[in-house]
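Written out below as structure tokens is the structure these notes cover.
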Amino acid sequence: MSERKPVRRALLSVYDKTGLAELAAGLHDAGVEIVSTGSTAATIAAAGVPVTKVEDLTGFPETLDGRVKTLHPRIHAGILADTRRPEHLDQLADLGVEAFELVVVNLYPFTATVAAGAGPDECVEQIDIGGPSMVRAAAKNHPSVAVVVDPADYPAVLAAVGSGGFTLAERARLAARGFRHTAAYDVAVAGWTTSVLAPDESPFPDWVAGTWERTAVLRYGENPHQPAALYRSGAGPAGLAQAAQLHGKAMSYNNYTDADAARRAAFDHSAPAVAVIKHANPCGIAIGADIAEAHRKAHACDPQSAYGGVIATNGEVSVAMAEQVAEIFTEVIVAPGYADGAVEVLARKANLRVLRAEPLVGAGVELRPISGGALLQHRDDLTAAGDDSTRWTLVAGPAADPDMLADLEFAWRACRAVKSNAILLARDGASVGIGMGQVNRVDSCRLAVARAGDRAAGSVAASDAFFPFPDGPQILLDAGVRAIVQPGGSVRDEQTVAAAQAAGVTMYFTGARHFAH
Ligand SMILES: NC(=O)c1ncn([C@@H]2O[C@H](COP(=O)(O)O)[C@@H](O)[C@H]2O)c1NC=O
């Protein structure tokens with residue numbers, strides 16, 4: 001076991017004062033001398049613990065509204081002296097500087113200030129300069145100094161100090177966390193200055209960075225021979241990665257990818273909606289008067305495929321829906337909330353994973369890694385993509401009555417959640433046949449019609465992109481589809497429109513498409 005290095009002198013400078021008084025009292029009881037900045041020192045003194053102010057040590061007042069406090073050689077020499085080197089100890093002695101063995105710092109709340117909508121001057125003021133300097137100095141000098149950046153670590157700090165100090169391995173681990181802390185902080189500052197303070201003409205920033213924190217090592221990845229882990233983003237709104245698991249077995253990699261696809265499908269609707277997903281594609285999407293009805297309708301689309309599926313809702317799961325789900329073999333259910341008693345009903349299934357996650361926020365950009373880089377795009381925003389039927393163009397057949405229009409709008413929204421080429425047949429606010437992920441649109445039409453069976457006749461159809469030839473729509477027309485919505489825009493649109501016209505079938509062009517690859 002490596003030797004512990006006693007802590008005799010500590011430097012404390014924290015914005016977040018959580019646990020500070022207890023830490024200071026514990027350090028003092030362990031015989032540690034405490035040096036501290038402005039309001040940190042005031043908090044320590046108010047707790048009745050002796051403390052030396054940084055300015056008494058430096059002989060230089062904290063100045064410029066706190067912009068300069070610890071940025072002084074007497075502080076940084078005390079942090080950066082490698083006490084394994086006799087020449088460093090000699091130099092400290094010559095200068096009359098004493099070394100620190102412990103540095104406790106947490107930084108100005110830059111991210112929270114930006115998130116609160118503060119103006120540029122206020123945000124800039126919250127860019128901590130002295131704090132990161134101390135953290136980086138202490139982390140670099142971890143053979144001599146322990147650095148602590150998280151109040152949650154204070155009890156462990158006191159335990160270590162009380163048992164003779166930190167080992168080198170412990171100081172190295174703390175150093176890694178210190179560097180991660182300042183790196184994440186700098187990423188946030190650099191991202192804000194790039195995108196907000198000094199944006200260029202492009203709709204995309206010329207520099208992108210992010211930080212992710214590992215929250216779980218998963219049993220395996222997409223396949224058992226692929227190790228995998230879950231990471232939580234250091235920025236942006238909470239989502240699936242932050243979900244609370246209320247019941248069931250540990251989530252798998254595939255559970256996460258399917259749950260993400262299911263949420264994307266469910267949150268495209270404003271009425272109570274349920275999506276059932278298998279292998280990232282829907283085997284049923286429906287809206288209903290309530291969530292239980294939406295689930296019944298979504299499940300009925302393809303009960304065979306829904307076996308072992310992943311369910312997402314866009315609203316609270318009722319007890320009635322929970323009773324239905326408890327009857328079906330389901331891998332995961334994820335919802336923004338559960339009515340009283342619903343989780344207990346679902347918990348009858350020992351293995352069913354029950355997750356509560358914040359509602360999906362649709363705006364923003366999405367990033368997809370490719371070899372050697374990444375692609376960024378604005379999310380497929382429904383409102384920008386022909387979602388509003390008042391902007392559709394009637395190109396064949398009679399105008400839809402309100403019921404038919406409602407089904408067409410539902411089908412158009414729902415087909416967005418289907419991997420291209422996507423054809424979705426719908427009736428009464430529910431998918432009844434889905435053709436997904438085929439490499440030509442004709443096969444997607446065949447698949448949708450085959451899955452719908454008898455339900456194809458009288459249903460409406462949505463296509464995520466235009467029909468390049470009239471052969472695909474002809475399959476839908478032959479199956480008795482009574483209306484079709486599609487983007488339009490093919491050089492052979494005329495032929496497709498003529499086929500619909502000949503069949504007396506309503507056809508709308510949306511003018512926008514919904515590829516999903
Ligand atoms: N400028 C400096 O020399 C400096 N030294 C420490 N700080 C920060 O000041 C805060 C603590 O200040 P106070 O003890 O006054 O609450 C900490 O978040 C620390 O990271 C500084 N502030 C900002 O840069």
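The values are calculated or read from the model by the stated rules, or taken from the named source; none is laboratory data. Keep in mind that what you see is a predicted model, and the values were worked out from it rather than measured. Quick reminder, even Gly has a Cβ in these numbers, built from the backbone with ideal geometry, and neighbours come from all protein chains shown. Ligands, DNA and RNA are excluded from the accessible area calculation, which covers all protein heavy atoms including side chains. Shrake-Rupley method; radii C 1.70, N 1.55, O 1.52, S 1.80 Å.
With the other protein chains left in place, how much accessible area per residue, in square angstrom, belongs to the range 7-67 at a 1.4 angstrom probe?
48
Restricting attention to the range 1-82, which GluC sites (Glu not before Pro) occupy a DSSP loop and are surrounded by at most 16 other Cβ atoms within 10 Å?
For GluC sites (Glu not before Pro) across the range 1-82 that sit outside H, G, I, E and B with at most 16 neighbouring Cβ atoms in 10 Å, the list reads 3.
Put a dot 7 Å past each Cα toward the Cβ at residue 347 and residue 194; how far apart are the dots in nm?
So the two model labels end up 4.5 nm from each other.
What whole-number value in Å² describes the accessible area per residue of the range 378-471 for a 1.4 Å probe?
40
Sort 423-436, 233-246, 402-415 by packing, meaning the average of other beta carbons within 10 Å per residue, with the highest value first.
Peptide ranking by packing, descending: 423-436, 402-415, 233-246.
Where only protein heavy atoms count, and the probe is 1.4 Å, what is the accessible area per residue for the range 113-179 in Å²?
Using a 1.4 Å probe on heavy atoms only, each residue of the range 113-179 averages 42 Å².
Kindly state, to the nearest 0.05, the FRET efficiency for residue 502 paired with residue 246, given R0 = 51 Å and r defined as their beta-carbon distance.
E(calc), rounded to 0.05, equals 0.40.
Please provide three numbers in whole Å: the alpha-carbon extents of the range 425-517 along the principal axes, with the largest listed first.
Projected onto the principal axes, the Cα atoms of the range 425-517 cover 33, 32, 21 Å.
Considering only protein heavy atoms and a probe of 1.4 Å, how much of the accessible area of the chain is carbon and sulfur, as a whole percent?
Exposed carbon and sulfur together represent 54 percent of the surface.
List the trypsin sites (Lys or Arg not before Pro) within the range 202-285 that fall in a DSSP loop (any state other than H, G, I, E or B) and whose Cβ has at most 10 other Cβ atoms within 10 Å.
Passing both the DSSP loop test and the Cβ count: no residue.
Once every DSSP H run of n ≥ 4 in the chain is given -39500 (n - 2.57) and the sum is divided by its residues, what mean residue ellipticity at 222 nm do you get, rounded to the nearest 500 deg cm²/dmol?
Taking each H run of at least 4 residues, the total per residue is -10500 deg cm²/dmol.
Relative to the longest principal axis of the C-alpha atoms of the chain, give the angle of the C-alpha long axis of helix 253-266, reported between 0 and 90° and rounded to the nearest 10°.
60
Once label points are set 7 Å from the Cα along Cα→Cβ at both residue 469 and residue 84, what is their separation, rounded to one decimal in nm?
With each label placed 7 Å out from Cα toward Cβ, I get 7.3 nm.
Would you check the accessible area of residue 349, probe 1.4 Å, heavy atoms only, in square angstrom rounded to 10?
Rounded to the nearest 10, that gives 80 Å².
Note down the nm distance, to one decimal, between modelled labels 7 Å out along Cα→Cβ at residue 17 and at residue 156.
For residue 17 paired with residue 156, the spin-label model returns 2.6 nm.
Pull out the extension gain between residue 201 and residue 319, defined as 0.36 nm times the separation in residues minus the alpha carbon to alpha carbon distance; nm, one decimal.
Length gained, residue 201 through residue 319: 37.3 nm.
Show me the GluC sites (Glu not before Pro) within the range 194-287 that DSSP assigns to loop and that have at most 14 other Cβ atoms within 10 Å of their Cβ.
201, 222
Extension gain residue 368-residue 233, at 0.36 nm per residue separation less the Cα-Cα distance, in nm?
47.2 nm
Below 8 Å between Cα atoms, with a sequence gap of 6+, how large is the relative contact order for the chain in percent?
9
To the nearest 10 degrees, how steep is helix 493-503 against the longest Cα principal axis of the chain, on a 0 to 90 scale?
50
Want the number for residue 404 to residue 492: 0.36 nm per residue separation, take away the alpha-carbon distance, what's left?
29.1 nm
Just to make sure I understand: if all protein chains stay in place, what is the order of 192, 207 by accessible area at 1.4 Å, largest first?
207, 192
Report the relative contact order of the range 126-192, percent, no decimals, based on alpha-carbon pairs under 8 angstrom and at least 6 residues apart.
43
Output the 0 to 90 degree angle, nearest 10, between the alpha-carbon long axis of helix 291-301 and the longest principal axis computed from the alpha carbons of the chain.
The angle comes out at about 60 degrees.
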